[in-house]
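Everything below concerns the one structure shown next.
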Amino acid sequence: MASELHETAKALVAEGKGILAADESTATIKKRFDSIGLESTEESRRAYRDMLFTTPGVEEYISGVILFDETIRQSAHDGTPFPELLASKGIIPGIKVDEGAKPLALADGETVTEGLDGLRARLEEYRGLGARFAKWRATYSITDTLPSDYCIWTNAHALARYAALCEEAGIVPIVEPEVLMDGTHTIERAHHVTSRVLDAVYTELFDQRVDVFGTLLKPNMVLSGYDAADRAGTDEVAEWSLKCYYKHVPAAVPGIVFLSGGQSDEDATAHLNAMNAKGPHPWQLSFSYGRALQAPAIKAWNGKSENVEAGQRAYYHRAKMNGAARTGMYAPEMEREAAAV
Ligand code: 13P
């Protein structure tokens, strides 16, 4: 069992490849569809994911896809269940298992992620449906006084309980503590908060006997707040981010797979590239982007079947750019060259 977990974790961060997070909850995908004026129905959600998952050749750059509960049970237009379709392309199916961030009791403005009740049975079912890895996301807001130690440690405890249950079920846990970058904070403050969060997460993972060789970390990059007056540039982001992970992420972790967290798609690619250009590092540095892989695709598709190929081209392009950023070989000019093809 341990070796299967290690192999799956390593395969998810194979050279030049990363993960597509397509696990938007029904409420979140509705927001994305609202942006193109498309009604969110079970069929429109299926058609959208069908477009992404059947993109020709994307398996060159995509190692795994995170699905939502509804999606793992849906099928492509030819009737092939999505997990089977992905696996046939050599893409590993994954599943979001948390039930969202809910208000943390007695802690104004803070959240704790729920979903542990019944998780052992759900994991067994998901494994039967083809999932080989999972995701659980905790969120933390930065203010002058938050996050509290209470919020940090409560979420770390839950993340470790989830990770232990995953390993027991033969499923690689992606551990996702996301420090949100909304606000006016400095990059130093983001570094301080992210460090405290990661320190708590690894303390709990070790206390709860999780074999970190069989896990992946999905953290935020360390950025200035999106509304900060003087925002750090690409190189500074790479320096502060690496400093944080070098201090707080064990070398036993096979890979760090970033979330994009509301950065523009090109910023998310450039930041990943800058970090990899400073390598080699003890872990693979890769991507597990949602918005930064999908935003141009959803726009190009616009909910219309005649635009499926345009949507697929946009997704393939972002996957390719991020694949290049895995080795530090990305350059912004590649965006234009590809657009000209
Ligand atoms: P974003 O890349 O859009 O932040 O999504 C990644 C994700 O899976 C959030 O949980």
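The values are calculated or read from the model by the stated rules, or taken from the named source; none is laboratory data. Note that the structure is predicted; figures quoted are calculated from it, not measured. So basically every Cβ, Gly included, is an ideal-geometry build from the backbone, and we count neighbours across all protein chains shown. We work out accessible area using only protein heavy atoms, side chains counted, and drop any ligands, DNA or RNA first. Shrake-Rupley method; radii C 1.70, N 1.55, O 1.52, S 1.80 Å.
Give region 177-190 a look and list any residue that's part of a helix (DSSP H, G or I) and open to solvent by 20 Å² or more (accessible area, probe 1.4 Å), or say none.
Initial filter on region 177-190 (part of a helix (DSSP H, G or I)): 187-190.
Once the filter is applied, which keeps residues that are part of a helix (DSSP H, G or I) and open to solvent by 20 Å² or more (accessible area, probe 1.4 Å), region 177-190 yields E188, R189.
On the given criteria, is F258 under 20 Å from the mean Cα position of the chain (by Cα) and more than 20 Å from I187 (Cα to Cα)? It would help to see each step written out before you state the result.
Numbers: under 20 Å from the mean Cα position of the chain (by Cα): yes; more than 20 Å from I187 (Cα to Cα): no.
For F258, the condition - under 20 Å from the mean Cα position of the chain (by Cα) and more than 20 Å from I187 (Cα to Cα) - is not met.
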Fill in: Subset of region 105-141 that is under 25 Å from G290 (Cα atoms), hydrophobic (A, V, I, L, M, F, W, C) and away from the ligand (no atom under 16 Å from the Cβ) - its residue that is surrounded by the most Cβ atoms within 10 Å (Cβ to Cβ)
L123
Item to complete: Determine the pairs where a residue that is without any contact (Cβ under 8 Å) to a residue 12 or more places away in the chain, located within region 28-56, has a partner that is among the aromatic types (F, W, Y) and open to solvent by less than 30 Å² (accessible area, probe 1.4 Å) with Cβ atoms under 9 Å apart, the partner being 6 or more residues away or on another chain.
Response: E39/F33
Worksheet item: Would you pick out the residues in region 56-91 that are charged (D, E, K, R), away from the ligand (no atom under 16 Å from the Cβ) and over 15 Å from E43 (Cβ atoms)?
Response: E59, E60, D78, E84, K89
Discussion item. Looking only at region 282-322, count every residue that is out of contact with any strand residue (DSSP E or B) (no Cβ under 7 Å at 6 or more places or on another chain) and part of a helix (DSSP H, G or I) and tell me the total.
Written reply: 26
Worksheet item: Of the residues S224, S264, which is under 13 Å from V179 (Cβ atoms) and not aromatic (F, W, Y)?
Response: S224
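Rundown of residues vs (1) crowded, with 22+ Cβ neighbours inside 10 Å; (2) closer than 17 Å to V179 by Cβ; (3) among the basic types (K, R), yes/no style:
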{"site": "A232", "(1), (2), (3)": "no, yes, no"}
{"site": "Y245", "(1), (2), (3)": "yes, yes, no"}
{"site": "A251", "(1), (2), (3)": "no, no, no"}
{"site": "L293", "(1), (2), (3)": "yes, no, no"}
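Based on what the data block shows, is E39 modelled with pLDDT of 95 or more, outside any helix (DSSP H, G or I) and open to solvent by 50 Å² or more (accessible area, probe 1.4 Å)? Explain how you work it out, then say what you get.
On the way: modelled with pLDDT of 95 or more: yes; outside any helix (DSSP H, G or I): yes; open to solvent by 50 Å² or more (accessible area, probe 1.4 Å): yes.
The answer is yes for E39.
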Discussion item. As an exercise: evaluate L67 against (1) touching a residue at least 40 places away in the same chain (Cβ under 8 Å); (2) surrounded by fewer than 19 Cβ atoms within 10 Å (Cβ to Cβ) and give the number of the one condition it does not meet.
Written reply: (2)
Practice prompt. Scan (1) part of a loop (DSSP other than H, G, I, E, B); (2) open to solvent by 10 Å² or more (accessible area, probe 1.4 Å) for the single condition T55 breaks and write down its number.
Written response: (2)
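Could you tell me whether S260 is open to solvent by 10 Å² or more (accessible area, probe 1.4 Å), within 16 Å of the ligand (Cβ to nearest atom), on the phi < 0 side of the Ramachandran plot and of a type in the set (S, T, Y)? Give the steps one after another, and end with the answer.
On the way: open to solvent by 10 Å² or more (accessible area, probe 1.4 Å): no; within 16 Å of the ligand (Cβ to nearest atom): yes; on the phi < 0 side of the Ramachandran plot: yes; of a type in the set (S, T, Y): yes.
In short, no.
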Discussion item. Any residue that is within 15 Å of the ligand (Cβ to nearest atom), crowded, with 18+ Cβ neighbours inside 10 Å, over 30 Å from E236 (Cα atoms) and of a type in the set (F, W, Y) - is there at least one of those in region 157-176?
Written reply: yes
